[in-house]
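What follows is a set of notes on a single structure, which appears directly below.
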Ligand code: AMP
Ligand code: MN
Ligand code: ZN
């Protein structure tokens, strides 16, 4: 595109989604119009002329709203505006080309907010927060290029091709009710052919009693000021042992982890934060990865409450990387749920209980950085520094009215989280489900049936290659890049570069030969396929694929689109209309744009 450009400042995720929807909806409406013989209709039923004019006006308004919200400029740098219906037809190609850029932005944002990983119980929202997240996501992406991979120095290197059940790393079992040997047995769940190892502390977690002090004569202890105290770094075994001795004296500690997975296939914990009432420890888990099992003395001691915020990921990361388990977990995220607070994120709790404004934009920083910058260190520390004070205040609120029901509900949820079990994620080529699967690409980009096999093949190549190089799949090749390559079907490195556009990266260009090979193989095995279709071409029954499919992901995507569409165009969407469109066989529903 030469004469149009997209502004970036106002481009938040919400805007992108809306703009994208406008394109899809306009396309659909245009296809609808052209699919009938309008002149003929006007002749035999003059009264509909008016209606058609109204429709054109609406289309024009919608298109102009889209151009405005996407901040599209004409060749003179002025906002691009369509004056009349013929303008709409003439400049349609220009508008169509904006698709790619909108998709790209939407993809990035969707990845940040929903796509790449399981949702983390940090329900932050609002444009400023999003903008910050996006910014730090990109800056961490940049710095991620330059740091030598710490996993190369791990005593046990990651084995991304290991198969079979994950065997717990546990070598000793302090605070055991059931012996280590008994705990490390394979289980054969009914109706499931693949056995797995037990969660070795499951019995202890589910049956141990929390210390009585958790509900008795609670005093709110004020946190020490951050400014006059310093964090203590734990960089070697001696420091680690000293810290463990101190922790054994505590009745409650706060724990948090920072994780890195951009330049690693499965990811690894890059920092552990532990706070007592008087100290903040920052543990270098890259250096001490193989030594941390001693912490089980504290972590599995039922008498020491471990306070986490949103521990779901932490629990499995601790098992996967260090063989650590948590008995007597108190999760402040669940406390916020039970208390029905209007926010449940840690930043919300920090603000509400401690009037502390968290710099959450560091959440996605590159935690492999050493030494940490002062800002990262402050951020990491603030994730646990206030947590015991928040725990005090929340317990008082939970016990208001003298009933123990609320706090018991928090403990019940916390136990269930602590008892969860890490398992390796298998690549499911059939269903395409999972973090690294092809399924989400299909729905997110409304991939056409003709491109489906290519997406699946490219996705598989990405998975194998990311395992081999020990890279994050998204770092190696974004979902958007897969979609673009499948659409463009390049035959040489130049074509790969062109298809990738701004998504071009060193690592992908180094592997351009393989990418071309994957594409060639798929195309040779398939019948010749039509080229990129026009808007009014004969269309396969792709339209209703996503509608008829009962799959949950699809439902969610469709519901989201419908919600946004009704917001944009007023009223609700009548599914019957879509059916009409489909039956004319001249367009597809959402998938028809490409
Ligand atoms: P936190 O518990 O907020 O300190 O987050 C722990 C780790 O989870 C971070 O170091 C990130 O690796 C990861 N993480 C947290 N929030 C997000 C997010 N929105 N997207 C991706 N990763 C996240
Ligand atoms: Mn956390
Ligand atoms: Zn954290």
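Every number here is computed from the coordinates shown, using simple stated rules; none is lab data. A quick note: this is a predicted structure, and the numbers were derived from the prediction, not measured. Positions of Cβ are generated from backbone atoms using ideal geometry, with glycine treated the same way; all protein chains shown enter the neighbour counts.
What to note about this one:
- Percent of Cα-Cα distances greater than 22 Å, calculated over segment 294-397: 38 percent
- Stokes-Einstein D in µm²/s, Kirkwood radius over Cα pairs - segment 180-418 at 37 °C with 0.692 mPa s viscosity: 176 µm²/s
- Put in order of Cβ neighbour count within 10 Å, fewest first, the listed residues 456, 214, 48, 482 become 48, 214, 456, 482.
- Once Rg and the Kirkwood radius are both taken over the C-alpha atoms of segment 171-226, their ratio Rg/Rh works out to 1.24.
- Relative frequency of Cα-Cα separations exceeding 18 Å in segment 396-534, percent: 62 percent
- For 245, 275, order by how many other beta-carbon atoms lie within 10 Å, fewest first: 245, 275
- Whole-Å semi-axes of segment 378-472's equivalent ellipsoid (Cα gyration tensor): 45, 18, 14
- Directionally averaged projected area (segment 318-375, Cα convex hull): 6.1 nm².
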